[in-house]
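Chemist: Sharing a structure here in structure tokens format.
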Amino acid sequence: MAPSPGAGGNVVKLLQTAASLENLATAVYDAARNLSVESGVLDLCTRAAAMHTEHARAFNEAAVRAGGKAQEGPNPKYARAVQAALGKLATAVDAVKLAATVEDVTVQTYVRNVVTVPTPQLRELFAGTAGADAQQLAALLVVQALLTAGQPFPPDPARLPAAALAAGVAHALFPVDRASPADEGAV
């Protein structure tokens, strides 16, 4: 089902912005994989990069179907700050913190935008991606807590710190105060 004529331009902007955030997340995970990190963190980054590449593809395909063009670049609002942060990554904890920040922005953006898209298929795309990215954020928060506490990842279950049990629950309901506006990543 095609979007309503009046909503097309905004829908394309929403989809392009989503793709730009996914491209940004992929860049963060790719950079983190280049660090000398524990194998568990490396595996997590590899899986996450593949997931975000797939999300970007899905958002770009939807943008093209809606009459726009694919967004192949990273989100312009965050690209410079993330690029600067990537240059300063020294540890797995640094990489995990940066990835968690980007994941938080993606989830907040999709939570905000899921109700604004005109079709069930687009709502499913935004909601499904928000759920997957929220799950990734939860995993990152747990990994961050473990690494900060000096624990390996994957951990020895018998040595888990108490903070690890609550670290993966970022929000009961996702806020949208850091969500990207619809046209922020538009091309």
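We did not get these values from a lab; they are worked out from the coordinates using the rules stated. Keep in mind it's a predicted model, so treat the numbers as computed, not measured. Virtual Cβ from ideal backbone geometry, glycine too; neighbours counted across all protein chains shown.
Chemist: Give me a comma-separated list of calculated 3J(HN,Hα) values for region 40-56, in order, Karplus coefficients 6.51, -1.76, 1.60 applied at θ = phi - 60°, integers in Hz, x for any Gly or Pro.
Modeler: For region 40-56, the Karplus curve yields x, 5, 4, 4, 4, 5, 5, 5, 5, 4, 5, 4, 5, 4, 5, 4, 4 Hz.
Chemist: In angstroms, what radius of gyration and Dmax does region 25-117 have, counting Cα atoms only?
Modeler: 14.3, 43
Chemist: Right, next: Can you tell me the Rg and the Dmax, both Å, for the Cα atoms in region 81-130?
Modeler: Calculated on Cα positions, Rg and Dmax stand at 14.6, 43 Å.
Chemist: For the chain, what percent of Cα pairs sit more than 25 Å apart?
Modeler: Result for the distance tail: 34 percent.
Chemist: So which lysines can Lys69 reach, going by Cα to Cα under 16 Å and dropping same-chain residues fewer than 8 places off?
Modeler: Lys13
Chemist: Turning to a different aspect of this structure: Residues with beta-carbon under 11 Å from that of Cys45, excluding Cys45: net charge, scoring Lys, Arg +1 and Asp, Glu -1?
Modeler: Overall, the nearby charge balance is -1.
Chemist: Next question, about the same structure. Tabulate in residue order the Karplus-calculated ³J(HN,Hα) for region 96-106, using 6.51 cos²θ - 1.76 cosθ + 1.60 with θ = phi - 60°, rounded to whole Hz; enter x for Gly and Pro.
Modeler: 3J(HN,Hα) across region 96-106, in whole Hz: 5, 4, 5, 4, 5, 4, 5, 4, 4, 5, 4.
Chemist: Around Val114, what is the net charge, scoring Lys/Arg as +1 and Asp/Glu as -1 over all other residues with Cβ under 11 Å from its Cβ?
Modeler: +1
Chemist: Report ³J(HN,Hα) in whole Hz for each residue of region 80-88, in order, from the Karplus equation J = 6.51 cos²θ - 1.76 cosθ + 1.60 where θ = phi - 60°; Gly and Pro get x.
Modeler: 5, 5, 5, 4, 5, 5, 4, x, 9
Chemist: Translational diffusion coefficient, Stokes-Einstein: compute it for region 94-156 using the Kirkwood radius over C-alpha pairs as Rh, at 37 °C and 0.692 mPa s, and state it as an integer in µm² s⁻¹.
Modeler: The estimated diffusion coefficient comes to 259 µm²/s.
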